[in-house]
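Shown next, in C-alpha cells, is the structure this report addresses.
We did not get these values from a lab; they are worked out from the coordinates using the rules stated. Since we're looking at a predicted model, the values are computed, not measured. No Cβ is skipped: glycine too gets one built from the backbone with ideal geometry, and neighbour counts run over all protein chains shown.
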Amino acid sequence: MVHGLPLITHAEELCDSYLAGKLRRLPFPKKTLYRVEDRLELVHGDLCGPITPTTHGGRRYFLLVDDCSRYMWLQLLTSKDEASKAIKSFKAQVETETGEKLKVLRTDRGGEFTSVKSGRYCAEEGVERHLTAPYSPKQNGVVERPN
C-alpha cells in the first residue's frame, strides 16, 4: 500500500517512539485496598457535565458519593460556580439525616473545589480536604504505568 516503507522483521528494529505509543496503563483495581468504616468518613465529590440536553430547569452538572455505603447524592447545578454552595447544603442535609459528621471530602483539583472560599469553609467546619493526583481519571487511587 505504501511504496518505500521498509519491512520490519525483527522486534529489535522497533523504535522507542513506537514502543512508547504502545504503552498501556495498568487496569484499575477491582477493589480498593482501603475502605472507610463509617458513613460520611470519606465522601468523593466530582462535577460531571455539562450534560446535554440540560434538565428542564437548566441544570447541567451534578456531584457526590459516600465511600463507605457507596450511596450517591445527586446535586443538580446550573454552573460550576454553584459547587461550593451545593457542598454546604449537602453537608447540612446529610449530617441532619444521618446524625454523623462529614469528616473528609475528596475531590479533584478543579477550580470549583480548590477556591480559597471553599477551603476556608471546610477548615471552619472541620472537614478535612483530600485532593486527587493531577490528571488522574480515578479518584480512589493512583494508578502507575508499567515500566
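Go through the range 38-99 and name the chymotrypsin sites (Phe, Trp or Tyr not before Pro) that are in a DSSP coil and have 14 or fewer other Cβ atoms within 10 Å of their Cβ. Those that pass, being in a loop and sparsely packed, are Tyr71. In this structure, Tyr34 and Lys85 have a Cβ-Cβ separation that, at R0 = 35 Å, corresponds to a calculated FRET efficiency of about 0.70.
Filter the GluC sites (Glu not before Pro) in the range 12-101 to those in DSSP coil with at most 15 other Cβ atoms within 10 Å of their Cβ, and list the result. If you can, show how the numbers build up before the last one.
Values: sites: Glu12, Glu13, Glu37, Glu41, Glu82, Glu95, Glu97, Glu100; in loops: Glu37, Glu41, Glu100.
Taking the range 12-101 and a limit of 15 other Cβ atoms within 10 Å, the loop GluC sites (Glu not before Pro) found are Glu37, Glu100.
Can you work out the FRET efficiency for the pair Lys101 and Ala20, with r the C-beta to C-beta distance and R0 = 30 Å, to the nearest 0.05?
Details: r = 47 Å, r/R0 = 1.57.
Given R0 = 30 Å and the Cβ-Cβ separation, E is 0.05.
Measure up Lys30/Lys101; Lys80/Lys117; Lys31/Lys85; Lys31/Lys101 against 22 Å on the Cα-Cα distance and list the ones that go over. Kindly include the intermediate steps, with their values, before the conclusion.
Values: Lys30/Lys101 29 Å; Lys80/Lys117 14 Å; Lys31/Lys85 32 Å; Lys31/Lys101 26 Å.
Distance filter (> 22 Å) returns Lys30/Lys101; Lys31/Lys85; Lys31/Lys101.
Work out the FRET efficiency for Glu124 and Ile51 from their Cβ-Cβ distance, taking R0 = 30 Å, and round it to the nearest 0.05. Provide the component values of the computation, followed by the final result.
Numbers: r = 32 Å, r/R0 = 1.06.
Efficiency computed from Cβ-Cβ geometry: 0.40.
Here the Karplus relation 6.51 cos²θ - 1.76 cosθ + 1.60, evaluated at θ = phi - 60°, turns the backbone of the range 103-120 into coupling constants of 9, 10, 10, 9, 9, 7, 9, x, x, 5, 9, 9, 5, 4, 4, 5, x, 5 Hz, with x for every Gly and Pro. If the cut-off is 18 Å between C-alpha atoms, which aspartates and glutamates fall inside it for Lys22, apart from same-chain ones fewer than 8 positions away? In chain and number order, the partners are Glu12, Glu13, Glu144. When the Cα gyration tensor is reduced to axis lengths a ≥ b ≥ c, the ratio a/c is 1.5 or higher for the range 32-73, and with a/b above b/c it is classed as prolate.
Averaging 1/r over every pair of different alpha carbons in the range 43-131 and inverting the result gives a Kirkwood radius of 13.4 Å. Relative contact order of the range 43-131, taken over Cα pairs closer than 8 Å and 6 or more residues apart, is 25 percent.
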